[in-house]
Amino acid sequence: MVFSTSVDDFRDVLKRSENIVVVAGAGLSAASGLPTFREKGGLWRSLETSSLATPSSFNSDPSLVWQFYHHRRVKALEASPNAAHRVLAELAIPSFLKAVAPAAKSYHLITQNVDRLSVKAVMDLINKSDMNRTSYDSDDPRLDSVIEMHGRLFDIQCTSCGHCEEDLSNPLCPALGRAEELRDSNAQTSKIKPESIVVEELPRCRQCGELARPGVVWFDEKPRKLDEINNLVQRADLCLVVGTSSTVRPASGYAYRIQRHHGTVAVFNIEPTPGDARADFVFKGPCEVELPRVLG
Ligand code: BV8
Ligand code: ZN
C-alpha cells in the first residue's frame with residue numbers, strides 16, 4: 001500500500017472518525033530535551049537502557065537502577081511539554097476535539113513514555129481553562145484520556161506491600177541527590193563507576209518502610225490498563241502513531257490491529273519506520289512540527 005501525505009485527505013478522515021487513539025513513544029518528548037532510547041549517547045553512561053529496565057537488574061543492583069531512574073526523573077522535571085504534547089492534550093478537551101473531529105465519541109492518548117509530560121500538558125490546559133481553580137484533582141475526567149501504559153517515573157512503588165504513590169520531590173532521597181551531584185561533577189568522565197548506595201539509603205515505602213522501586217513497567221512485566229487499552233484498540237477507527245520505533249510489544253501491534261478492522265493509521269515520525277508500508281498516511285518530520293501542522 002502506498003501511503004498518502006495529503007493533509008486535506010487526513011482532515012477529511014479526522015472529521016468522520018468516532019474513536020480516536022494515539023500511540024506515542026519517546027519521539028514525542030524528544031523536542032522537550034529528553035533522549036529517545038535509540039539515540040546513541042542518549043543512553044545513560046552508555047549502559048543499555050533495556051538492560052537496566054528489568055526486574056532482575058533491580059534485584060541484583062537496586063542502587064545502579066535507582067540512579068538511572070533518578071537521573072531520568074531529574075531530566076523529566078526540568079523538561080516542559082512541547083508543541084506536540086500540547087496539540088495532543090487539546091484533543092483531551094471535548095470542545096477542542098469537537099472542533100477537529102465533530103463525530104468523535106472518544107479520544108485516548110496511549111503513551112509508552114513515563115515522563116509525565118503528556119499529563120502535564122493536559123493539566124496545564126485544565127489550569128488555563130479553569131483559572132480560578134488553584135489545583136486539579138488528579139481524577140479529573142479529562143485526564144482519563146491519557147494512559148501511561150509503561151507506568152510513571154514519578155510513581156514510587158513498594159517492593160513488598162504494593163503501595164504506590166506519586167512523589168515529585170527532587171532529590172527523591174539524600175543518597176540519590178548526592179549521587180546525582182557526583183555524576184554531574186564527573187560528567188566528562190562517564191567511566192566513573194556509579195556510587196554504590198546501601199539499600200537502607202534507597203527510597204523506602206511510606207506505608208511499610210520496605211525498599212521501593214520506580215513505578216515503571218519493566219520488560220516482561222505487565223503493562224498498565226491492558227484490558228482498557230484492548231477495548232479501545234478494538235473500537236478505534238483512527239490511530240495516530242507518534243514518535244515510536246514500534247519495537248516494543250504489545251504497543252507495537254496496536255496500529256496493525258486497528259487497521260485489520262478497517263481503521264485508518266497515520267504515522268508521525270522523523271524517519272521511515274517499518275509500519276509505514278501499511279500506514280494510510282505518513283507525515284515525515286518532527287512531530288512537534290507535523291502534529292500542529294496537520295491537526296491545526
Ligand atoms: C510484556 C518503561 C507480558 C521503562 C519500557 C521477544 C520478541 C518479541 C517480544 C518480546 C520478546 N521477549 C519479550 C518480549 C516482550 C517485550 C518486548 O516487546 N521486547 C522487545 C524489546 C523485543 N515487551 C514486554 O516485556 C512488555 N511486557 O510483554 O508483558 C505480560 C502480559 C501479561 C501479563 C504479564 C506479562 C513490557 C515492555 C515495557 C518495557 N518498558 N519503558 C523505562 O522507560 O525505562 S519500554 C521503553 O522502550 C519505552 O516505554 C518504549 O516502549 C520503548 C522505546 O520505544 P520508543 O518509545 O519507540 O523509543 P525509541 O527510542 O525506540 O524510538 C523513538 C522514535 O521516535 C524513533 O522512531 C525516532 O525516529 C522517532 N523520533 C525521534 N525524534 C522524533 C521522532 N519522531 C517524531 N518527532 C521527533 N521529534
Ligand atoms: Zn510497602
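Please work out if Arg213 is under 30 Å from Gln67 (Cα atoms), out of contact with any Lys or Arg (no Cβ under 8 Å at 6 or more places or on another chain) and assigned to a strand (DSSP E or B).
Yes; evaluated as a whole, the condition is true for this residue.
Please indicate, with yes or no, whether at least one residue in the stretch 154-163 is touching a His at 6+ places or on another chain (Cβ under 8 Å), within 16 Å of ligand 2 (Cβ to nearest atom), part of a loop (DSSP other than H, G, I, E, B) and open to solvent by less than 50 Å² (accessible area, probe 1.4 Å).
For the stretch 154-163, residues touching a His at 6+ places or on another chain (Cβ under 8 Å), within 16 Å of ligand 2 (Cβ to nearest atom), part of a loop (DSSP other than H, G, I, E, B) and open to solvent by less than 50 Å² (accessible area, probe 1.4 Å): absent.
Tell me the residue from Lys284, Lys222 that is within 18 Å of the chain's Cα centre (by Cα), basic (Lys, Arg) and away from ligand 2 (no atom under 16 Å from the Cβ), please.
Result: Lys222 is the single residue among Lys284, Lys222 that is within 18 Å of the chain's Cα centre (by Cα), basic (Lys, Arg) and away from ligand 2 (no atom under 16 Å from the Cβ).
Pull out all pairs, ordered by first then second residue, where Cβ-Cβ is under 9 Å, the residues are six or more apart or on different chains, the first lies in the stretch 101-126 and is free of Cβ contacts under 8 Å to residues at least 60 places away in the same chain, and the second is open to solvent by 20 Å² or more (accessible area, probe 1.4 Å) and part of a strand (DSSP E or B).
Partner pairs satisfying both residue conditions: Arg116/Glu148; Arg116/Arg152; Arg116/Glu166; Val119/Glu148; Val119/Arg152.
Just one of the numbered conditions (1) assigned to a loop (DSSP other than H, G, I, E, B); (2) at pLDDT below 95; (3) small (Gly, Ala, Ser) is not true of Ser95; which one?
Of the numbered conditions (1) assigned to a loop (DSSP other than H, G, I, E, B); (2) at pLDDT below 95; (3) small (Gly, Ala, Ser), the odd one out for Ser95 is (1).
Just give me the residues in the stretch 266-296 being in a loop (DSSP other than H, G, I, E, B) and free of Cβ contacts under 8 Å to residues at least 60 places away in the same chain, in sequence order.
The answer is Glu271, Pro272, Thr273, Gly285.
If His262 satisfies every condition in (1) at positive phi; (2) touching a residue at least 40 places away in the same chain (Cβ under 8 Å) but one, which is the exception?
Every listed condition holds for His262 apart from (2).
To keep it simple, each residue is scored yes or no on (1) acidic (Asp, Glu); (2) buried (at least 18 other Cβ atoms within 10 Å of the Cβ).
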{"residue": "Gln234", "(1), (2)": "no, no"}
{"residue": "Leu240", "(1), (2)": "no, yes"}
{"residue": "Ser246", "(1), (2)": "no, yes"}
{"residue": "Gly253", "(1), (2)": "no, no"}
{"residue": "Thr264", "(1), (2)": "no, yes"}
{"residue": "Glu271", "(1), (2)": "yes, no"}
{"residue": "Phe283", "(1), (2)": "no, yes"}
{"residue": "Glu288", "(1), (2)": "yes, yes"}
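So, in the stretch 193-212, exactly how many residues are near ligand 2 (Cβ under 7 Å from one of its atoms), within 28 Å of the chain's Cα centre (by Cα) and more than 18 Å from Asp61 (Cβ to Cβ)?
Total meeting the criteria: 2.
Quick one: how many residues across the stretch 53-62 are part of a helix (DSSP H, G or I), surrounded by fewer than 18 Cβ atoms within 10 Å (Cβ to Cβ) and in contact (Cβ under 8 Å) with a residue 24 or more places away in the chain?
So the answer is 1.
Go through the stretch 18-55 and give me each residue that's at pLDDT 95 or above and of a type in the set (Gly, Ala, Ser).
Passing the criteria: Ala24, Gly25, Ala26, Gly27, Ser29, Ala30, Ala31, Ser32, Gly33.
Scan the stretch 75-114 residue by residue and report those that are loosely packed, with under 14 Cβ neighbours inside 10 Å and over 21 Å from the mean Cα position of the chain (by Cα).
Pro94, Ser95, Lys98, Ala99, Pro102, Ala103, Lys105
Among Asp167, Asp140, Asp144, which is the only one that is more than 16 Å from ligand 2 (Cβ to nearest atom), open to solvent by less than 60 Å² (accessible area, probe 1.4 Å) and under 30 Å from Val21 (Cβ atoms)?
Among Asp167, Asp140, Asp144, only Asp140 is more than 16 Å from ligand 2 (Cβ to nearest atom), open to solvent by less than 60 Å² (accessible area, probe 1.4 Å) and under 30 Å from Val21 (Cβ atoms).
I need the full set of residues from the stretch 1-12 which are surrounded by 14 or more Cβ atoms within 10 Å (Cβ to Cβ) and either farther than 19 Å from Ala277 by Cβ or not assigned by TED's automatic domain parsing to the domain that holds Val114 (or both), in order please.
Val7, Arg11
I want to confirm something. Restricting to the stretch 171-190 and keeping residues that are within 26 Å of the chain's Cα centre (by Cα) and surrounded by 15 or more Cβ atoms within 10 Å (Cβ to Cβ), which single residue is farthest from ligand 2 (Cβ to nearest atom)?
Residue satisfying both the conditions and the ranking: Arg183.
Any residue at all in the stretch 191-201 that is open to solvent by less than 60 Å² (accessible area, probe 1.4 Å) and either at pLDDT 90 or above or of a type in the set (Phe, Trp, Tyr) (or both)?
The answer is yes, given that some residue of the stretch 191-201 is open to solvent by less than 60 Å² (accessible area, probe 1.4 Å) and either at pLDDT 90 or above or of a type in the set (Phe, Trp, Tyr) (or both).
The values are calculated or read from the model by the stated rules, or taken from the named source; none is laboratory data. Keep in mind that this is a model prediction, so the values were computed, not measured. Here Cβ is always computed from backbone atoms with ideal geometry, including for glycine, and neighbour counts include all displayed protein chains. In case anyone asks, the SASA skips ligands and DNA or RNA and just uses the protein heavy atoms, side chains included. Shrake-Rupley method; radii C 1.70, N 1.55, O 1.52, S 1.80 Å.
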